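Heads up, the thing below is written out as structure tokens.
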Amino acid sequence: MKEENSQKKKSNYWYLLLLVSFIAITWPGLYAFDEPRLFGIPFFYWYQMLMVPISALLTGIVYFKTKDE
Amino acid sequence: MNWTALTVFIIFFIFVTVLGFYSARWRRGDLNQLNEWGLAGRRFGTVITWFLLGGDLYTAYTFIAVPALMFGAGAMGFFAVPYTILIYPFVFVVMPRLWSVSRKHGYITASDFVRGRFNSRTLALAVAITGILATMPYIALQLVGMQAVIQAMGFHGSGLVGELPLIIAFAILALYTYSSGLRAPASIAIVKDLMIYITILVAFFYIPYKLGGFGHIFDAAQEAYAAKNPPGSMILTSQSFFAYGSLALGSALALFLYPHSLTGVLSSSSRNTIKKNAALLPAYSLVLAFLTLLGMMALVAGVKVNSANDAVPQLFLAMFPDWFSGFAFAAIAIGALVPAAIMSIAAANLFTRNIYKEYINPNCTDQQESKMAKLVSLVVKVGALAFIIFLPLDYAINLQLLGGIWILQTFPAIIIGLYNNWFNRWALVLGWLVGMVSGTYMAFAAGLKSTYALHLFGFTLPGYAAIYALVLNFVVAIVLTFVFKALGMENGKDETVKEDYLTAS
């Protein structure tokens with residue numbers, strides 16, 4: 001899944017960053033725990049909520065690195 | 001009757017109604033062109049697209065049903081969060097290609113694209129019908145969200161009188177969608193989204209304060225879930241891992257196959273608008289996460305409900321002063337109008353472009369085409385209303401569940417189609433058919449639940465039926481493509497070329 005433009009080939013590796021959220025969130029075995037809690041919120045909940053801005057940030061980075069001219 | 005809440009509710013409702021009718025003048029275009037009525041001339045920039053897609057994807061039904069799932073089952077209900085995380089990287093990579101090719105060839109629906117790519121009227125028809133079938137119950141369910149808040153304000157009449165507020169609200173919606181097209185939901189979405197943000201932020205910090213803090217809420221929830229029959233759980237248990245992950249992934253892949261999501265994508269003004277929004281739209285996901293937890297708070301607060309759908313409205317009434325409850329209810333009800341309008345426009349576009357123009361009146365003028373779409377948008381809404389008023393609620397809920405399974409079966413034709421035209425068109429049609437039938441079978445076999453327990457090599461694996469059906473769909477499409485190629489059958493003529501998918505404007 002990359003842009004088929006030879007001049008852009010190099011910058012396409014940035015797209016791999018998008019896989020991070022996929023790996024971090026799709027398998028709940030990674031995060032289905034109660035502890036450690038944050039402000040009383042179990043890990044299961046705060047981890048997933050934290051992944052929302054992290055994933056947005058990663059998408060933002062990929063945007064700036066691969067922007068269409 | 002809760003008069004304070006009702007008054008605030010009505011004031012906001014009147015405000016958006018006026019706004020809806022005035023939207024026709026916004027960035028004025030010739031509304032007798034389908035491109036203008038149904039896609040607002042493809043001119044929406046980053047900010048408007050953000051509000052429009054936010055209002056479109058995070059619907060009133062979501063706002064009622066997701067916390068209801070949390071209220072009833074616990075951790076499983078939180079799958080909405082990974083679901084919305086997975087959507088955006090996918091949108092970022094795939095949707096700019098659809099935007100470019102659609103701009104180049106004037107495609108208004110996904111079905112238009114499939115027809116052009118694979119030169120198959122049958123495949124295009126399959127995609128159009130799937131889209132319409134999946135959207136109809138979704139529109140009906142927006143009414144359920146609206147109904148929940150109207151009842152919470154004290155309307156409990158039975159029969160047609162009891163449904164009167166709903167009928168009035170929908171009639172108004174139908175009229176301004178007819179006259180203003182996609183511009184109406186876009187302008188209303190701005191108001192709605194701001195109201196939702198205010199409501200949820202206030203609720204998320206104020207309600208835990210009243211309930212004794214987050215730590216206490218989660219501890220109390222743990223006990224409350226354990227005491228339920230069947231028991232829920234506060235932390236996801238290992239036998240639900242695959243179901244949770246596959247529901248999140250399947251729902252994420254399906255969301256942007258729905259006609260109303262594609263309408264939001266195609267109405268934007270550039271590829272970069274879509275990419276930027278993939279990074280900016282997660283702000284709504286955070287709001288959705290907060291909202292989902294309100295379902296748990298309703299359980300801890302011990303609100304009395306007839307159905308789980310009443311959990312959040314009743315929580316608001318118990319915790320907030322009446323005027324703020326009225327504000328929150330208006331936010332949810334207006335939240336039903338935006339997606340209902342966009343969905344009916346999207347369904348109307350599909351019918352007009354891919355059924356009416358293709359099979360009934362091939363020589364129609366642009367004006368006739370636009371007129372037809374406007375009429376169909378009315379019919380679709382009347383149909384949805386009748387559905388909710390005359391049939392048991394379960395029908396709409398079950399159909400929406402089936403709709404999610406069905407719409408994912410258009411993935412090979414649309415999404416893989418954006419990358420290559422390797423698949424044989426008839427192989428795609430047959431793969432789609434197998435996916436539709438097997439997905440429907442699995443949903444019924446599971447007792448109209450979205451998770452189906454697959455028995456494989458002695459293991460039992462409960463997972464999202466849409467994903468299992470999609471795997472079958474792919475297997476059939478791939479095997480048959482090899483077979484058809486071996487038999488010497490040729491692919492249809494592709495009217496698109498590689499560069500069409502990358503052009504920036």
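Could we say that A:Phe64 is closer than 20 Å to B:Leu294 by Cα and either within 7 Å of chain B (Cβ to nearest Cβ) or surrounded by fewer than 14 Cβ atoms within 10 Å (Cβ to Cβ) (or both) here?
Criteria not met by A:Phe64.
Any idea which residue in the range B:140-199 is modelled with the highest pLDDT, counting only those that are among the polar types (S, T, N, Q) and assigned to a helix (DSSP H, G or I)?
For the range B:140-199, the residue satisfying everything is B:Thr199.
Looking at (1) touching a residue at least 24 places away in the same chain (Cβ under 8 Å); (2) crowded, with 17+ Cβ neighbours inside 10 Å, which one does B:Ile167 not meet, given that it meets all the others?
It is condition (2) that B:Ile167 fails.
Within the range B:341-361, identify whether any single residue is at pLDDT below 90 and outside any helix (DSSP H, G or I), and answer yes or no.
yes
Quick check on B:Thr460: is it within 22 Å of the chain's Cα centre (by Cα) and of a type in the set (Val, Ile, Thr)?
Considered against the rule, which asks whether it is within 22 Å of the chain's Cα centre (by Cα) and of a type in the set (Val, Ile, Thr), B:Thr460 comes out as no.
Return the pair list, or none, for Cβ contacts closer than 7 Å from residues in the range B:81-102 that are touching a residue at least 40 places away in the same chain (Cβ under 8 Å) and farther than 23 Å from A:Ala32 by Cβ to residues that are crowded, with 24+ Cβ neighbours inside 10 Å and charged (D, E, K, R), at least 6 apart or on different chains.
B:Phe92/B:Lys275; B:Pro96/B:Lys275
How do the helices (runs of 4 or more DSSP H) wholly within the range B:254-304 filter down when requiring 1 or more residues that are touching a residue at least 24 places away in the same chain (Cβ under 8 Å), in contact with a helix residue (DSSP H, G or I) (Cβ under 6 Å, 6 or more places away or on another chain) and within 13 Å of another protein chain (Cβ to nearest Cβ): which remain?
In the range B:254-304, the matching helices (runs of 4 or more DSSP H) lie at B:271-280, B:282-301.
Restricting to the range A:26-52, name every residue that is in a helix (DSSP H, G or I) and either more than 7 Å from every other protein chain (Cβ to nearest Cβ) or closer than 22 Å to B:Gln222 by Cα (or both).
A:Pro28, A:Gly29, A:Leu30, A:Phe43, A:Phe44, A:Tyr45, A:Trp46, A:Tyr47, A:Gln48, A:Met49, A:Leu50
Please indicate, with yes or no, whether at least one residue in the range B:110-128 is within 14 Å of chain A (Cβ to nearest Cβ) and of a type outside the set (A, V, I, L, M).
No, every residue in the range B:110-128 fails to be within 14 Å of chain A (Cβ to nearest Cβ) and of a type outside the set (A, V, I, L, M).
Right, A:Leu19: modelled with pLDDT under 90, at the interface with another protein chain (Cβ under 9 Å from one of its Cβ atoms) and out of contact with any helix residue (DSSP H, G or I) (no Cβ under 7 Å at 6 or more places or on another chain) or not?
Against the criterion (modelled with pLDDT under 90, at the interface with another protein chain (Cβ under 9 Å from one of its Cβ atoms) and out of contact with any helix residue (DSSP H, G or I) (no Cβ under 7 Å at 6 or more places or on another chain)), A:Leu19 qualifies.
Would you say B:Trp426 is surrounded by 21 or more Cβ atoms within 10 Å (Cβ to Cβ) and either closer than 25 Å to B:Arg121 by Cβ or touching a Gly at 6+ places or on another chain (Cβ under 9 Å) (or both)?
No: the conditions fail for B:Trp426.
Can you give me the number of residues within the range B:11-58 that are within 20 Å of B:Ala346 (Cβ to Cβ) and part of a helix (DSSP H, G or I)?
Counting residues in the range B:11-58 that are within 20 Å of B:Ala346 (Cβ to Cβ) and part of a helix (DSSP H, G or I) gives 22.
Here's a check for you: in the range B:429-457, which residue that is part of a loop (DSSP other than H, G, I, E, B) and under 27 Å from the mean Cα position of the chain (by Cα) is surrounded by the most Cβ atoms within 10 Å (Cβ to Cβ)?
That would be B:Ser450.
Per-residue answers, yes or no, for (1) of a type in the set (Ser, Thr, Tyr); (2) more than 30 Å from B:Lys498 (Cβ to Cβ):
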position: B:Leu378; (1), (2): no, yes
position: B:Lys381; (1), (2): no, yes
position: B:Phe387; (1), (2): no, yes
position: B:Phe390; (1), (2): no, yes
position: B:Gly435; (1), (2): no, no
position: B:Ser438; (1), (2): yes, yes
position: B:Leu454; (1), (2): no, yes
position: B:Val471; (1), (2): no, no
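Considering every residue within the range B:491-502, establish whether at least one is modelled with pLDDT of 85 or more and aromatic (Phe, Trp, Tyr).
Yes, because at least one residue in the range B:491-502 is modelled with pLDDT of 85 or more and aromatic (Phe, Trp, Tyr).
Going residue by residue through the range B:216-230, is there one that turns out to be β-branched (Val, Ile, Thr) and out of contact with any Leu (no Cβ under 6 Å at 6 or more places or on another chain)?
No: zero hits.
If a residue must be in a helix (DSSP H, G or I) and farther than 10 Å from B:Gly38 by Cβ, how many such residues does the range B:365-380 contain?
So the answer is 10.
Any residue at all in the range B:223-241 that's within 18 Å of the chain's Cα centre (by Cα), more than 8 Å from every other protein chain (Cβ to nearest Cβ) and either among the aromatic types (Phe, Trp, Tyr) or buried (at least 20 other Cβ atoms within 10 Å of the Cβ) (or both)?
Within the range B:223-241, not a single residue is within 18 Å of the chain's Cα centre (by Cα), more than 8 Å from every other protein chain (Cβ to nearest Cβ) and either among the aromatic types (Phe, Trp, Tyr) or buried (at least 20 other Cβ atoms within 10 Å of the Cβ) (or both).
Between B:Asp322, B:Asp366, which is surrounded by fewer than 24 Cβ atoms within 10 Å (Cβ to Cβ) and within 25 Å of B:Tyr176 (Cβ to Cβ)?
B:Asp366
Take the range B:458-495 and flag every residue that is surrounded by 20 or more Cβ atoms within 10 Å (Cβ to Cβ) and within 14 Å of another protein chain (Cβ to nearest Cβ).
If the condition is that a residue be surrounded by 20 or more Cβ atoms within 10 Å (Cβ to Cβ) and within 14 Å of another protein chain (Cβ to nearest Cβ), then B:Gly463, B:Tyr464, B:Ile467 are the ones that fit.
Of the conditions (1) under 15 Å from the mean Cα position of the chain (by Cα); (2) more than 9 Å from chain B (Cβ to nearest Cβ); (3) modelled with pLDDT of 85 or more, A:Tyr13 satisfies every one except a single condition; which number is it?
Answer for A:Tyr13: the failing condition is (3).
The values are calculated or read from the model by the stated rules, or taken from the named source; none is laboratory data. Predicted model only: the values in this text are computed from it and were never measured. Glycine also receives a Cβ, built like all others from the backbone with ideal geometry; neighbour counts cover every protein chain displayed.
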